[in-house]
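First the structure, in the form of C-alpha coordinates, and then the observations on it.
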Amino acid sequence: MRLKNWALLLALGLLLTVLAACGGSDTDESAESADGDTEEATEGERVLNFINGDTIPTMDPSMATDQYGFQFIGETMEGLYRLDKNAQPVEGIAVDHKVSEDGLTWTFNLREDAKWSNGDPVTAHDFVYAWRRAVDPATGSEYGPYMMGGVIKNATAVNTGEVPVEELGVTAKDDYTLVVELENPTPYFETLTTFGTFMPLNEAFVEAQGDEFATSTETLLFNGPFTLENWTSTANEWDLVKNENYWDAETVQVDRINHVVVKDPTTSVRLYEEGTVDRADISSDLVDQYSTHEDYQVRPQTAVFYLKMNQTRNEALANENIRKAISMAFDKEALVNEILNNGSIVANGLIPSDFVNMPESGEDFREVSGDLVTYDKEKALEYWEKGLEELGTDTIELEYLGGDTETAKVMDEYIANQLTSNLPGLKINLKNVPFEQRLDLDTAMDYDIQNAGWGPDFLDPYTFLSLWITDGGNNKMGYSNEEYDALLKEAQTTLALDNAARYENFLEAEKILLEDAAIAPIYQKAYAQLISPKIEGVFMNPFGHEYEYKWARIAE
(Lines give C-alpha, C1' and ligand atoms only; values in the text may rest on other atoms or scores of the structure.)
Protein backbone atom coordinates (compact mmCIF):
# COMPACT_ATOMS: atom_id res chain seq x y z
CA MET A 1 0.00 0.00 0.00
CA ARG A 2 1.19 3.51 -0.58
CA LEU A 3 3.45 5.19 1.93
CA LYS A 4 0.57 6.94 3.64
CA ASN A 5 -1.01 3.77 4.80
CA TRP A 6 1.50 2.60 7.34
CA ALA A 7 2.84 5.61 9.11
CA LEU A 8 -0.34 5.69 11.09
CA LEU A 9 1.08 2.68 12.88
CA LEU A 10 4.02 4.73 14.10
CA ALA A 11 1.61 6.56 16.34
CA LEU A 12 0.76 3.24 17.93
CA GLY A 13 4.37 2.81 18.98
CA LEU A 14 4.78 -0.33 16.90
CA LEU A 15 8.24 0.76 15.75
CA LEU A 16 7.24 0.96 12.15
CA THR A 17 9.13 3.54 10.21
CA VAL A 18 7.30 5.07 7.26
CA LEU A 19 4.89 2.99 5.43
CA ALA A 20 2.77 6.09 5.92
CA ALA A 21 -0.27 7.94 7.04
CA CYS A 22 -1.48 10.89 8.97
CA GLY A 23 -0.87 11.94 12.47
CA GLY A 24 1.41 11.56 15.41
CA SER A 25 0.79 10.43 18.93
CA ASP A 26 -1.16 12.28 21.57
CA THR A 27 -1.18 10.20 24.71
CA ASP A 28 -3.34 12.53 26.78
CA GLU A 29 -6.01 12.76 24.13
CA SER A 30 -5.92 9.00 23.59
CA ALA A 31 -6.35 8.21 27.26
CA GLU A 32 -9.21 10.66 27.61
CA SER A 33 -10.98 9.19 24.60
CA ALA A 34 -10.50 5.63 25.75
CA ASP A 35 -11.81 6.34 29.23
CA GLY A 36 -14.94 7.97 27.91
CA ASP A 37 -18.31 6.25 27.94
CA THR A 38 -18.68 3.38 25.50
CA GLU A 39 -22.01 2.18 24.22
CA GLU A 40 -23.32 -0.69 26.31
CA ALA A 41 -24.47 -3.85 24.56
CA THR A 42 -28.16 -4.58 24.74
CA GLU A 43 -29.17 -7.97 26.12
CA GLY A 44 -28.26 -10.77 23.73
CA GLU A 45 -26.30 -8.49 21.42
CA ARG A 46 -23.02 -9.92 20.15
CA VAL A 47 -20.43 -7.15 20.52
CA LEU A 48 -16.67 -6.78 20.11
CA ASN A 49 -14.63 -3.77 21.26
CA PHE A 50 -11.53 -2.78 19.33
CA ILE A 51 -8.93 0.00 19.32
CA ASN A 52 -8.08 2.08 16.28
CA GLY A 53 -4.78 3.94 16.10
CA ASP A 54 -6.25 7.17 14.77
CA THR A 55 -9.31 8.74 13.20
CA ILE A 56 -10.52 7.68 9.74
CA PRO A 57 -9.44 10.43 7.30
CA THR A 58 -12.02 9.58 4.63
CA MET A 59 -14.52 6.89 3.71
CA ASP A 60 -14.56 7.88 0.03
CA PRO A 61 -13.29 4.86 -1.94
CA SER A 62 -11.95 7.15 -4.65
CA MET A 63 -9.98 9.29 -2.22
CA ALA A 64 -8.78 6.86 0.45
CA THR A 65 -5.02 6.27 0.59
CA ASP A 66 -4.51 5.19 4.19
CA GLN A 67 -4.85 1.89 5.99
CA TYR A 68 -7.68 3.05 8.25
CA GLY A 69 -9.80 4.33 5.41
CA PHE A 70 -9.39 1.10 3.48
CA GLN A 71 -10.07 -0.98 6.62
CA PHE A 72 -13.53 0.47 7.18
CA ILE A 73 -14.34 0.78 3.49
CA GLY A 74 -13.55 -2.93 3.26
CA GLU A 75 -15.95 -3.81 6.08
CA THR A 76 -18.83 -1.61 4.98
CA MET A 77 -18.50 -2.00 1.22
CA GLU A 78 -18.25 -4.93 -1.14
CA GLY A 79 -16.79 -5.12 -4.62
CA LEU A 80 -17.07 -7.79 -7.25
CA TYR A 81 -15.21 -10.23 -5.02
CA ARG A 82 -14.08 -10.53 -1.41
CA LEU A 83 -10.99 -12.26 0.03
CA ASP A 84 -11.53 -15.35 2.16
CA LYS A 85 -9.26 -16.60 4.94
CA ASN A 86 -6.89 -18.11 2.36
CA ALA A 87 -6.62 -14.77 0.49
CA GLN A 88 -8.65 -16.23 -2.38
CA PRO A 89 -11.42 -14.21 -4.05
CA VAL A 90 -14.90 -15.48 -3.23
CA GLU A 91 -18.32 -14.25 -4.32
CA GLY A 92 -19.11 -10.65 -3.59
CA ILE A 93 -21.43 -8.65 -5.81
CA ALA A 94 -20.27 -10.86 -8.69
CA VAL A 95 -21.41 -14.48 -8.75
CA ASP A 96 -19.02 -15.47 -11.54
CA HIS A 97 -17.12 -14.12 -14.53
CA LYS A 98 -15.68 -15.11 -17.89
CA VAL A 99 -12.40 -14.04 -19.42
CA SER A 100 -11.80 -13.80 -23.17
CA GLU A 101 -9.12 -15.99 -24.72
CA ASP A 102 -6.76 -13.03 -25.07
CA GLY A 103 -7.24 -12.11 -21.41
CA LEU A 104 -8.41 -8.59 -22.25
CA THR A 105 -12.17 -8.76 -21.70
CA TRP A 106 -13.70 -9.78 -18.37
CA THR A 107 -17.46 -10.20 -18.14
CA PHE A 108 -18.91 -10.27 -14.62
CA ASN A 109 -22.38 -11.55 -13.81
CA LEU A 110 -23.74 -9.73 -10.77
CA ARG A 111 -26.15 -11.01 -8.15
CA GLU A 112 -29.63 -9.50 -8.21
CA ASP A 113 -30.18 -9.62 -4.45
CA ALA A 114 -27.49 -7.10 -3.45
CA LYS A 115 -28.84 -3.84 -2.03
CA TRP A 116 -27.52 -0.55 -0.75
CA SER A 117 -28.35 0.36 2.82
CA ASN A 118 -31.12 2.66 1.51
CA GLY A 119 -32.74 -0.26 -0.29
CA ASP A 120 -31.56 0.59 -3.83
CA PRO A 121 -30.27 -2.38 -5.85
CA VAL A 122 -26.52 -2.62 -6.47
CA THR A 123 -26.05 -2.72 -10.25
CA ALA A 124 -23.35 -2.75 -12.89
CA HIS A 125 -23.96 0.97 -13.35
CA ASP A 126 -22.66 1.57 -9.81
CA PHE A 127 -19.31 0.05 -10.78
CA VAL A 128 -19.11 2.03 -14.00
CA TYR A 129 -19.77 5.28 -12.15
CA ALA A 130 -17.30 4.52 -9.34
CA TRP A 131 -14.44 3.44 -11.58
CA ARG A 132 -14.89 6.40 -13.91
CA ARG A 133 -14.97 8.71 -10.90
CA ALA A 134 -11.72 7.21 -9.58
CA VAL A 135 -9.74 8.08 -12.73
CA ASP A 136 -11.54 11.30 -13.66
CA PRO A 137 -8.93 14.07 -13.25
CA ALA A 138 -11.65 16.28 -11.77
CA THR A 139 -11.89 13.91 -8.78
CA GLY A 140 -8.23 14.25 -7.85
CA SER A 141 -7.86 10.62 -6.72
CA GLU A 142 -4.37 9.30 -6.02
CA TYR A 143 -5.22 5.62 -5.97
CA GLY A 144 -7.56 5.59 -8.98
CA PRO A 145 -4.80 6.35 -11.51
CA TYR A 146 -2.31 4.26 -9.54
CA MET A 147 -4.45 1.12 -9.28
CA MET A 148 -6.20 1.33 -12.65
CA GLY A 149 -3.49 2.86 -14.85
CA GLY A 150 -2.04 0.27 -17.23
CA VAL A 151 -4.76 -2.16 -16.13
CA ILE A 152 -8.19 -0.82 -17.16
CA LYS A 153 -8.26 0.22 -20.80
CA ASN A 154 -7.72 3.99 -21.23
CA ALA A 155 -7.43 4.63 -17.47
CA THR A 156 -4.21 6.60 -17.86
CA ALA A 157 -5.46 8.42 -20.95
CA VAL A 158 -8.62 9.43 -19.10
CA ASN A 159 -6.67 10.64 -16.08
CA THR A 160 -4.31 12.75 -18.19
CA GLY A 161 -7.21 14.29 -20.08
CA GLU A 162 -6.35 12.72 -23.43
CA VAL A 163 -9.73 11.00 -23.79
CA PRO A 164 -13.12 11.57 -22.12
CA VAL A 165 -14.03 9.54 -19.04
CA GLU A 166 -16.69 7.69 -21.03
CA GLU A 167 -13.90 5.87 -22.89
CA LEU A 168 -12.71 4.05 -19.78
CA GLY A 169 -12.88 0.31 -20.46
CA VAL A 170 -15.84 -0.45 -18.21
CA THR A 171 -19.46 -0.71 -19.36
CA ALA A 172 -22.78 -1.98 -18.05
CA LYS A 173 -24.13 -4.40 -20.64
CA ASP A 174 -27.29 -4.42 -18.54
CA ASP A 175 -28.14 -3.90 -14.87
CA TYR A 176 -26.41 -7.10 -13.80
CA THR A 177 -23.68 -7.62 -16.39
CA LEU A 178 -20.43 -5.67 -16.12
CA VAL A 179 -17.91 -5.78 -18.97
CA VAL A 180 -14.33 -4.70 -18.27
CA GLU A 181 -11.71 -4.20 -20.98
CA LEU A 182 -8.08 -4.31 -19.89
CA GLU A 183 -5.07 -2.49 -21.27
CA ASN A 184 -3.04 -5.70 -21.01
CA PRO A 185 -3.83 -9.17 -19.72
CA THR A 186 -3.60 -8.91 -15.92
CA PRO A 187 -3.38 -12.26 -14.10
CA TYR A 188 -4.08 -10.68 -10.71
CA PHE A 189 -7.07 -8.62 -11.85
CA GLU A 190 -9.57 -10.74 -9.94
CA THR A 191 -7.81 -9.92 -6.65
CA LEU A 192 -7.70 -6.23 -7.64
CA THR A 193 -11.49 -6.17 -7.63
CA THR A 194 -11.46 -6.80 -3.86
CA PHE A 195 -9.54 -3.58 -3.18
CA GLY A 196 -11.21 -0.45 -1.80
CA THR A 197 -10.62 1.70 -4.89
CA PHE A 198 -12.77 -0.70 -6.93
CA MET A 199 -15.87 -0.51 -4.72
CA PRO A 200 -19.17 0.51 -6.42
CA LEU A 201 -20.89 3.82 -5.69
CA ASN A 202 -24.55 4.83 -5.95
CA GLU A 203 -24.36 7.76 -8.37
CA ALA A 204 -27.61 9.45 -7.37
CA PHE A 205 -26.66 9.38 -3.69
CA VAL A 206 -23.05 10.53 -4.19
CA GLU A 207 -24.06 13.44 -6.43
CA ALA A 208 -26.76 14.50 -3.98
CA GLN A 209 -24.21 14.73 -1.16
CA GLY A 210 -21.79 16.86 -3.17
CA ASP A 211 -18.64 17.83 -1.25
CA GLU A 212 -20.10 16.33 1.93
CA PHE A 213 -20.05 12.80 0.53
CA ALA A 214 -18.24 10.30 2.79
CA THR A 215 -17.60 12.77 5.60
CA SER A 216 -20.07 11.26 8.08
CA THR A 217 -22.42 8.33 8.58
CA GLU A 218 -25.28 10.40 7.17
CA THR A 219 -23.43 11.00 3.89
CA LEU A 220 -22.59 7.35 3.24
CA LEU A 221 -24.33 4.33 1.75
CA PHE A 222 -23.19 0.78 2.44
CA ASN A 223 -23.45 -2.53 0.59
CA GLY A 224 -21.09 -4.63 2.75
CA PRO A 225 -21.42 -6.80 5.86
CA PHE A 226 -21.54 -3.79 8.21
CA THR A 227 -22.66 -0.19 8.28
CA LEU A 228 -20.56 2.54 9.90
CA GLU A 229 -22.49 4.33 12.63
CA ASN A 230 -21.78 7.41 14.80
CA TRP A 231 -18.91 8.45 12.55
CA THR A 232 -17.55 11.77 11.30
CA SER A 233 -14.08 12.45 9.91
CA THR A 234 -12.98 13.76 13.34
CA ALA A 235 -14.70 11.12 15.49
CA ASN A 236 -12.68 9.29 18.14
CA GLU A 237 -15.35 6.60 18.57
CA TRP A 238 -17.60 4.83 16.06
CA ASP A 239 -19.31 1.48 15.51
CA LEU A 240 -19.55 -1.17 12.83
CA VAL A 241 -23.12 -2.47 12.91
CA LYS A 242 -24.40 -5.57 11.14
CA ASN A 243 -25.99 -4.55 7.83
CA GLU A 244 -29.37 -6.27 7.62
CA ASN A 245 -29.61 -5.28 3.93
CA TYR A 246 -26.40 -7.17 3.08
CA TRP A 247 -27.06 -10.02 0.64
CA ASP A 248 -25.24 -12.49 2.91
CA ALA A 249 -26.38 -11.05 6.26
CA GLU A 250 -27.07 -14.48 7.74
CA THR A 251 -23.33 -15.24 7.59
CA VAL A 252 -22.49 -12.20 9.75
CA GLN A 253 -22.49 -13.38 13.37
CA VAL A 254 -21.40 -10.19 15.17
CA ASP A 255 -24.00 -7.47 15.76
CA ARG A 256 -21.69 -4.58 16.54
CA ILE A 257 -17.98 -3.78 16.72
CA ASN A 258 -17.22 -0.69 18.78
CA HIS A 259 -14.06 1.26 17.98
CA VAL A 260 -12.21 3.84 20.05
CA VAL A 261 -9.09 5.80 19.09
CA VAL A 262 -6.13 5.08 21.37
CA LYS A 263 -2.67 6.19 20.32
CA ASP A 264 -0.67 5.16 23.37
CA PRO A 265 0.25 1.45 23.57
CA THR A 266 0.43 1.47 27.37
CA THR A 267 -3.14 2.74 27.52
CA SER A 268 -4.19 0.08 25.00
CA VAL A 269 -2.79 -2.71 27.14
CA ARG A 270 -4.38 -1.27 30.29
CA LEU A 271 -7.77 -1.21 28.57
CA TYR A 272 -7.29 -4.81 27.48
CA GLU A 273 -6.43 -5.95 30.98
CA GLU A 274 -9.50 -4.12 32.29
CA GLY A 275 -11.66 -5.97 29.78
CA THR A 276 -12.70 -2.75 28.05
CA VAL A 277 -11.28 -3.84 24.67
CA ASP A 278 -10.80 -7.24 23.09
CA ARG A 279 -7.51 -6.68 21.26
CA ALA A 280 -4.44 -4.55 21.90
CA ASP A 281 -1.18 -4.05 20.02
CA ILE A 282 1.96 -4.33 22.13
CA SER A 283 4.92 -2.05 21.58
CA SER A 284 8.43 -3.50 21.79
CA ASP A 285 9.08 -2.24 25.31
CA LEU A 286 6.10 -4.24 26.58
CA VAL A 287 6.75 -7.48 24.67
CA ASP A 288 9.00 -9.07 27.29
CA GLN A 289 6.42 -8.33 29.96
CA TYR A 290 3.52 -9.86 28.02
CA SER A 291 5.12 -12.54 25.82
CA THR A 292 4.11 -15.24 28.33
CA HIS A 293 0.54 -13.95 28.65
CA GLU A 294 -1.96 -16.59 27.59
CA ASP A 295 -3.58 -14.15 25.12
CA TYR A 296 -0.28 -13.09 23.51
CA GLN A 297 0.02 -13.65 19.75
CA VAL A 298 2.45 -12.64 17.03
CA ARG A 299 0.74 -11.86 13.72
CA PRO A 300 3.14 -11.85 10.72
CA GLN A 301 2.47 -9.27 8.02
CA THR A 302 3.49 -8.75 4.40
CA ALA A 303 4.83 -5.19 4.67
CA VAL A 304 8.56 -4.74 4.07
CA PHE A 305 10.75 -1.85 5.25
CA TYR A 306 13.92 -0.61 3.63
CA LEU A 307 16.27 2.33 3.26
CA LYS A 308 15.63 4.43 0.18
CA MET A 309 18.83 5.98 -1.18
CA ASN A 310 18.29 9.09 -3.29
CA GLN A 311 20.72 9.01 -6.19
CA THR A 312 19.98 12.55 -7.38
CA ARG A 313 20.56 14.78 -4.32
CA ASN A 314 23.93 13.57 -3.05
CA GLU A 315 26.61 12.43 -5.50
CA ALA A 316 27.91 9.87 -3.01
CA LEU A 317 24.68 7.88 -3.32
CA ALA A 318 24.98 7.89 -7.10
CA ASN A 319 28.00 5.63 -6.50
CA GLU A 320 26.97 1.97 -6.55
CA ASN A 321 29.76 0.87 -4.21
CA ILE A 322 28.73 3.41 -1.58
CA ARG A 323 25.15 2.18 -1.76
CA LYS A 324 26.26 -1.44 -1.51
CA ALA A 325 28.36 -0.61 1.54
CA ILE A 326 25.39 1.05 3.25
CA SER A 327 23.08 -1.87 2.44
CA MET A 328 25.42 -4.34 4.20
CA ALA A 329 26.66 -2.24 7.11
CA PHE A 330 23.92 -2.58 9.75
CA ASP A 331 22.99 -5.59 11.84
CA LYS A 332 19.39 -6.40 10.95
CA GLU A 333 19.17 -9.42 13.22
CA ALA A 334 19.93 -7.29 16.27
CA LEU A 335 17.42 -4.72 15.09
CA VAL A 336 14.49 -7.15 14.86
CA ASN A 337 15.44 -9.05 18.03
CA GLU A 338 16.44 -6.22 20.34
CA ILE A 339 14.71 -3.10 19.04
CA LEU A 340 11.53 -4.27 17.32
CA ASN A 341 11.15 -7.34 19.52
CA ASN A 342 7.66 -8.03 18.14
CA GLY A 343 8.02 -10.98 15.79
CA SER A 344 9.26 -8.98 12.82
CA ILE A 345 11.87 -10.81 10.75
CA VAL A 346 14.96 -9.74 8.83
CA ALA A 347 14.38 -8.81 5.18
CA ASN A 348 17.15 -9.74 2.77
CA GLY A 349 15.10 -8.99 -0.31
CA LEU A 350 12.12 -6.90 -1.36
CA ILE A 351 9.32 -9.46 -1.83
CA PRO A 352 8.09 -10.66 1.60
CA SER A 353 7.96 -14.23 2.86
CA ASP A 354 4.61 -16.07 2.76
CA PHE A 355 3.16 -13.66 0.23
CA VAL A 356 3.16 -15.38 -3.17
CA ASN A 357 4.24 -18.80 -4.42
CA MET A 358 5.94 -19.78 -7.67
CA PRO A 359 3.21 -20.78 -10.16
CA GLU A 360 4.56 -24.23 -11.05
CA SER A 361 6.48 -25.49 -8.03
CA GLY A 362 4.36 -23.83 -5.35
CA GLU A 363 7.50 -22.77 -3.50
CA ASP A 364 7.51 -19.48 -1.62
CA PHE A 365 8.89 -16.71 -3.85
CA ARG A 366 11.14 -15.46 -1.07
CA GLU A 367 12.72 -18.88 -0.56
CA VAL A 368 13.37 -19.30 -4.28
CA SER A 369 14.84 -15.81 -4.62
CA GLY A 370 16.93 -16.28 -1.48
CA ASP A 371 18.96 -13.81 0.56
CA LEU A 372 20.04 -11.07 -1.83
CA VAL A 373 21.65 -8.67 0.63
CA THR A 374 22.77 -9.57 4.15
CA TYR A 375 24.68 -7.90 6.97
CA ASP A 376 28.39 -8.29 6.19
CA LYS A 377 30.59 -5.73 7.91
CA GLU A 378 33.80 -6.79 6.17
CA LYS A 379 32.35 -6.77 2.67
CA ALA A 380 30.61 -3.45 3.42
CA LEU A 381 34.00 -1.96 4.31
CA GLU A 382 35.50 -3.22 1.04
CA TYR A 383 32.74 -1.57 -1.00
CA TRP A 384 33.02 1.57 1.12
CA GLU A 385 36.75 1.99 0.55
CA LYS A 386 36.34 1.35 -3.16
CA GLY A 387 33.55 3.92 -3.39
CA LEU A 388 35.55 6.54 -1.48
CA GLU A 389 38.45 6.00 -3.87
CA GLU A 390 36.17 6.43 -6.89
CA LEU A 391 34.79 9.65 -5.41
CA GLY A 392 38.24 10.95 -4.48
CA THR A 393 37.36 11.60 -0.85
CA ASP A 394 37.73 10.05 2.60
CA THR A 395 34.57 11.49 4.12
CA ILE A 396 30.89 11.48 3.20
CA GLU A 397 28.07 13.36 4.90
CA LEU A 398 24.48 12.19 4.48
CA GLU A 399 21.11 13.37 5.75
CA TYR A 400 18.87 10.61 7.12
CA LEU A 401 15.16 11.45 6.97
CA GLY A 402 13.07 9.85 9.71
CA GLY A 403 9.90 10.24 11.73
CA ASP A 404 9.47 12.31 14.88
CA THR A 405 7.88 9.69 17.13
CA GLU A 406 10.02 8.31 19.94
CA THR A 407 9.90 4.78 18.54
CA ALA A 408 10.94 5.89 15.06
CA LYS A 409 13.83 7.84 16.55
CA VAL A 410 15.13 4.76 18.38
CA MET A 411 15.27 2.72 15.19
CA ASP A 412 16.79 5.49 13.09
CA GLU A 413 19.42 6.25 15.72
CA TYR A 414 20.36 2.58 15.83
CA ILE A 415 20.77 2.33 12.05
CA ALA A 416 22.69 5.61 11.87
CA ASN A 417 25.02 4.45 14.65
CA GLN A 418 25.65 1.14 12.92
CA LEU A 419 26.47 2.85 9.63
CA THR A 420 28.84 5.43 11.09
CA SER A 421 30.57 2.81 13.28
CA ASN A 422 31.12 0.35 10.43
CA LEU A 423 31.90 2.83 7.65
CA PRO A 424 34.83 5.12 8.64
CA GLY A 425 34.50 8.68 7.40
CA LEU A 426 30.71 8.58 7.22
CA LYS A 427 28.76 11.29 9.01
CA ILE A 428 24.98 11.06 9.26
CA ASN A 429 22.70 13.92 10.21
CA LEU A 430 19.36 12.64 11.47
CA LYS A 431 16.39 14.73 10.40
CA ASN A 432 13.29 13.73 12.34
CA VAL A 433 10.18 15.52 11.12
CA PRO A 434 6.39 15.18 11.41
CA PHE A 435 4.83 12.76 9.01
CA GLU A 436 3.17 15.22 6.65
CA GLN A 437 6.46 17.07 6.23
CA ARG A 438 8.20 13.78 5.56
CA LEU A 439 5.72 13.00 2.78
CA ASP A 440 6.38 16.39 1.21
CA LEU A 441 10.15 15.88 1.39
CA ASP A 442 9.83 12.45 -0.19
CA THR A 443 7.68 13.80 -3.02
CA ALA A 444 10.20 16.59 -3.62
CA MET A 445 13.06 14.04 -3.38
CA ASP A 446 14.57 16.35 -0.76
CA TYR A 447 16.44 13.75 1.30
CA ASP A 448 19.52 11.52 1.06
CA ILE A 449 18.47 8.37 2.96
CA GLN A 450 14.97 7.61 4.14
CA ASN A 451 13.52 4.73 6.13
CA ALA A 452 10.46 3.65 4.14
CA GLY A 453 8.19 0.69 3.61
CA TRP A 454 5.45 -0.83 1.48
CA GLY A 455 2.44 -3.02 2.07
CA PRO A 456 1.05 -4.82 -0.99
CA ASP A 457 -2.05 -3.65 -2.86
CA PHE A 458 -2.68 -6.91 -4.68
CA LEU A 459 -1.48 -10.51 -4.68
CA ASP A 460 1.42 -10.33 -7.14
CA PRO A 461 5.16 -9.44 -6.93
CA TYR A 462 4.50 -6.56 -9.31
CA THR A 463 2.94 -4.56 -6.45
CA PHE A 464 6.45 -4.27 -4.94
CA LEU A 465 8.68 -4.34 -8.01
CA SER A 466 6.73 -1.68 -9.90
CA LEU A 467 7.81 0.86 -7.26
CA TRP A 468 11.22 1.21 -8.84
CA ILE A 469 10.40 1.56 -12.53
CA THR A 470 12.24 4.54 -14.03
CA ASP A 471 10.33 7.76 -13.29
CA GLY A 472 7.57 5.77 -11.61
CA GLY A 473 5.27 7.69 -9.31
CA ASN A 474 6.63 5.94 -6.22
CA ASN A 475 10.31 5.80 -7.23
CA LYS A 476 11.22 9.23 -5.81
CA MET A 477 14.91 8.40 -5.56
CA GLY A 478 16.21 8.59 -9.12
CA TYR A 479 16.82 4.88 -9.60
CA SER A 480 16.86 3.72 -13.20
CA ASN A 481 17.89 0.46 -14.84
CA GLU A 482 16.84 -0.30 -18.42
CA GLU A 483 17.08 -4.06 -17.97
CA TYR A 484 14.94 -3.88 -14.84
CA ASP A 485 12.31 -1.78 -16.63
CA ALA A 486 12.29 -4.15 -19.60
CA LEU A 487 11.79 -7.23 -17.43
CA LEU A 488 8.77 -5.68 -15.72
CA LYS A 489 7.28 -4.36 -18.94
CA GLU A 490 7.62 -7.80 -20.53
CA ALA A 491 6.00 -9.40 -17.48
CA GLN A 492 2.99 -7.11 -17.85
CA THR A 493 2.62 -7.35 -21.63
CA THR A 494 4.02 -10.17 -23.79
CA LEU A 495 4.30 -12.60 -20.86
CA ALA A 496 1.02 -11.57 -19.21
CA LEU A 497 -0.66 -14.90 -20.02
CA ASP A 498 2.36 -16.99 -18.97
CA ASN A 499 2.50 -16.65 -15.20
CA ALA A 500 5.46 -19.01 -14.81
CA ALA A 501 7.53 -16.85 -17.19
CA ARG A 502 6.34 -13.68 -15.45
CA TYR A 503 7.64 -14.94 -12.12
CA GLU A 504 11.03 -15.76 -13.66
CA ASN A 505 11.19 -12.13 -14.78
CA PHE A 506 10.29 -11.02 -11.26
CA LEU A 507 13.08 -13.15 -9.78
CA GLU A 508 15.59 -11.58 -12.14
CA ALA A 509 14.26 -8.06 -11.57
CA GLU A 510 14.52 -8.37 -7.79
CA LYS A 511 18.09 -9.62 -8.17
CA ILE A 512 19.00 -6.60 -10.32
CA LEU A 513 17.39 -4.19 -7.86
CA LEU A 514 19.44 -5.52 -4.97
CA GLU A 515 22.64 -5.93 -7.00
CA ASP A 516 22.31 -2.25 -7.86
CA ALA A 517 21.76 -1.58 -4.14
CA ALA A 518 18.88 0.69 -5.08
CA ILE A 519 17.38 0.02 -1.66
CA ALA A 520 18.63 -1.60 1.54
CA PRO A 521 16.04 -4.06 2.94
CA ILE A 522 15.62 -3.96 6.72
CA TYR A 523 12.72 -6.09 8.00
CA GLN A 524 9.34 -7.64 7.35
CA LYS A 525 6.92 -6.51 10.01
CA ALA A 526 4.75 -8.37 12.44
CA TYR A 527 2.31 -7.41 15.17
CA ALA A 528 2.64 -8.45 18.78
CA GLN A 529 -0.87 -8.41 20.23
CA LEU A 530 -3.10 -9.44 23.08
CA ILE A 531 -6.23 -11.02 21.57
CA SER A 532 -9.23 -12.20 23.53
CA PRO A 533 -9.82 -15.96 23.17
CA LYS A 534 -13.51 -15.24 22.66
CA ILE A 535 -12.73 -13.87 19.16
CA GLU A 536 -13.06 -16.43 16.40
CA GLY A 537 -13.14 -16.17 12.62
CA VAL A 538 -11.20 -12.91 12.35
CA PHE A 539 -8.27 -13.08 9.95
CA MET A 540 -5.77 -10.63 8.49
CA ASN A 541 -5.59 -10.05 4.75
CA PRO A 542 -2.18 -10.00 3.03
CA PHE A 543 -3.27 -6.88 1.16
CA GLY A 544 -6.20 -4.48 1.06
CA HIS A 545 -8.12 -3.94 4.27
CA GLU A 546 -6.14 -5.49 7.08
CA TYR A 547 -8.76 -7.24 9.23
CA GLU A 548 -11.74 -9.20 7.90
CA TYR A 549 -14.78 -9.32 10.18
CA LYS A 550 -17.46 -10.80 7.92
CA TRP A 551 -16.86 -14.27 9.34
CA ALA A 552 -16.13 -13.13 12.91
CA ARG A 553 -17.74 -15.04 15.77
CA ILE A 554 -17.84 -14.70 19.54
CA ALA A 555 -17.10 -17.95 21.35
CA GLU A 556 -19.78 -19.06 23.76
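The values are calculated or read from the model by the stated rules, or taken from the named source; none is laboratory data. Computed from a predicted model, the values in this text were never measured in an experiment. Positions of Cβ are backbone-derived with ideal geometry, glycine not excepted, and every protein chain shown enters the neighbour counts.
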Subject >> Selected residue [more than 30 Å from E294 (Cα to Cα) and modelled with pLDDT under 95] from G478, G453, G544 >> reply: G453
Original post:
Looking only at segment 532-551, which residues are within 17 Å of I73 (Cα to Cα) and in a strand (DSSP E or B)?
Top reply: F539, M540, Y547, E548
**OP:** Among the candidates T191, T186, single out the residue that is in contact (Cβ under 8 Å) with a residue 12 or more places away in the chain, in a helix (DSSP H, G or I) and under 22 Å from D96 (Cβ atoms).
**Re:** T191
Original post:
If you check K409 against the conditions, is it basic (K, R), loosely packed, with under 14 Cβ neighbours inside 10 Å and without any contact (Cβ under 8 Å) to a residue 60 or more places away in the chain?
Top reply: no
Subject >> Those residues of segment 446-477 which are over 20 Å from P185 (Cα atoms), of a type outside the set (S, T, Y), crowded, with 17+ Cβ neighbours inside 10 Å and more than 14 Å from the chain's Cα centre (by Cα), in sequence order >> reply: D448, I449, Q450, N451, W468, N475, K476, M477
Original post:
Can you name the residue in segment 484-513 that is out of contact with any helix residue (DSSP H, G or I) (no Cβ under 8 Å at 6 or more places or on another chain) and in contact (Cβ under 8 Å) with a residue 24 or more places away in the chain and, of all such residues, is farthest from V99 (Cα to Cα)?
Top reply: A500
Original post:
Tell me, which residue of segment 312-363 that is of a type in the set (D, E, K, R), within 30 Å of Y290 (Cα to Cα) and in contact (Cβ under 8 Å) with a residue 24 or more places away in the chain is surrounded by the most Cβ atoms within 10 Å (Cβ to Cβ)?
Top reply: K332
Subject >> Residues of segment 500-531 satisfying the condition of being over 30 Å from D331 (Cβ atoms) and not in a strand (DSSP E or B) >> reply: A500, A501, R502, Y503, E504, N505
Original post:
Among the residues of segment 239-264 satisfying the criterion of being in a loop (DSSP other than H, G, I, E, B), out of contact with any Pro (no Cβ under 8 Å at 6 or more places or on another chain) and in contact (Cβ under 8 Å) with a residue 60 or more places away in the chain, which is farthest from F226 (Cα to Cα)?
Top reply: D264
**OP:** Tell me which residues, restricted to segment 414-432, are surrounded by 16 or more Cβ atoms within 10 Å (Cβ to Cβ), of a type in the set (S, T, Y) and within 19 Å of L388 (Cβ to Cβ).
**Re:** none
Original post:
Do we find that K489 is surrounded by 16 or more Cβ atoms within 10 Å (Cβ to Cβ) and not small (G, A, S) in this structure?
Top reply: no
Original post:
Could you list, in sequence order, the residues of segment 441-464 that are more than 19 Å from A509 (Cα to Cα) and in a strand (DSSP E or B)?
Top reply: I449, Q450, N451, A452
Subject >> Single unsatisfied condition, V304 versus (1) without any contact (Cβ under 8 Å) to a residue 60 or more places away in the chain; (2) buried (at least 23 other Cβ atoms within 10 Å of the Cβ); (3) not basic (K, R) >> reply: (1)
Original post:
On the given criteria, is T156 assigned to a helix (DSSP H, G or I), buried (at least 20 other Cβ atoms within 10 Å of the Cβ) and of a type in the set (S, T, Y)?
Top reply: no
**OP:** Check T267 against each of (1) of a type in the set (V, I, T); (2) in contact with a strand residue (DSSP E or B) (Cβ under 6 Å, 6 or more places away or on another chain); (3) buried (at least 18 other Cβ atoms within 10 Å of the Cβ) and name the one condition it does not meet.
**Re:** (2)
**OP:** Mind telling me which of the residues V262, V277 ends up being crowded, with 21+ Cβ neighbours inside 10 Å, under 19 Å from R553 (Cα atoms), among the β-branched types (V, I, T) and touching a helix residue (DSSP H, G or I) at 6+ places or on another chain (Cβ under 6 Å)?
**Re:** V277
Subject >> Residues that are crowded, with 21+ Cβ neighbours inside 10 Å, of a type outside the set (V, I, T) and part of a loop (DSSP other than H, G, I, E, B), drawn from segment 89-115 >> reply: G92, A114
Original post:
Of all residues in segment 507-533, which are crowded, with 21+ Cβ neighbours inside 10 Å, among the aliphatic types (A, V, I, L, M) and closer than 30 Å to D278 by Cα?
Top reply: A528, L530
Original post:
Across segment 59-75, what is the total count of residues that are within 14 Å of F543 (Cβ to Cβ) and among the acidic types (D, E)?
Top reply: 0
**OP:** Filter segment 424-483 for residues that are touching a helix residue (DSSP H, G or I) at 6+ places or on another chain (Cβ under 8 Å), of a type in the set (S, T, Y) and within 18 Å of G403 (Cβ to Cβ) and give the result.
**Re:** Y447
